[in-house]
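Encoded as structure tokens, the structure appears first; notes follow it.
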């Protein structure tokens, strides 16, 4: 898989294509052969990781004047989210109707989720990896996004991408245990353009559809 991904990166660079999409398409997860439980695990990890970035971005952009930008490290979140952040940094740009978010250092984290087995997973929303990798949060706290996740296992490296298909709403207040995202949907893509849909309901519960 690593050789395939290297070929994809070289090809994408030479042709001016989107590197992240090429890597996932050539060496991503085999969605069609995953069990329903596996799909749920990938969706849960992805939703939690995006929620951590959304909270970091919301805090980083607080009181930021329109037209200005800020850079912040991604902090640990206390609560029921099974994400332990080891490193990561974002840049936020305040626009009139939204905040634009990119990772300038991919968020690396560990999780007890079954897909991880203790390895470090990284999430990138970096336009230098792919020109449409981004997160945006509007003034109603609705987020849209496209990014890539990598599980850096010792024996092999696993890639998948996620992209919102309808905005999800970021919710958090000081009286709640943890932040969460609600009322929206996204896809997770793997190799050969295979994908499945995940969605969050009004309570932040994640479900999947093949």
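All of the numbers you see were taken from the coordinates with simple rules; none came from a lab. Treat the numbers as computed from the prediction; the structure is a model and nothing was measured. Cβ: placed from backbone, ideal geometry, glycine included. Neighbour counts: every protein chain shown.
Structural remarks
- The candidate values were [x] 18.8; [y] 17.7; [z] 17.2; the one computed from these coordinates for Kirkwood radius over Cα pairs in Å carries the label [z].
- Helix-only CD estimate at 222 nm, as mean residue ellipticity for the chain, using -39500 (n - 2.57) per DSSP H run (n ≥ 4): -7500 deg cm²/dmol
- Principal-axis tilt of helix 2-15 within the chain, Cα atoms, nearest 10 degrees: 70 degrees
- Using the Cβ-Cβ distance between residue 132 and residue 110 with R0 = 25 Å, the FRET efficiency computed as 1/(1 + (r/R0)^6) comes to roughly 0.35.
- Order of 83, 101 - criterion: other Cβ atoms within 10 Å of each residue's Cβ, fewest first: 83, 101
- Using 0.36 nm per residue and subtracting the Cα-Cα separation, the extra length available between residue 33 and residue 59 on full extension is 5.5 nm.
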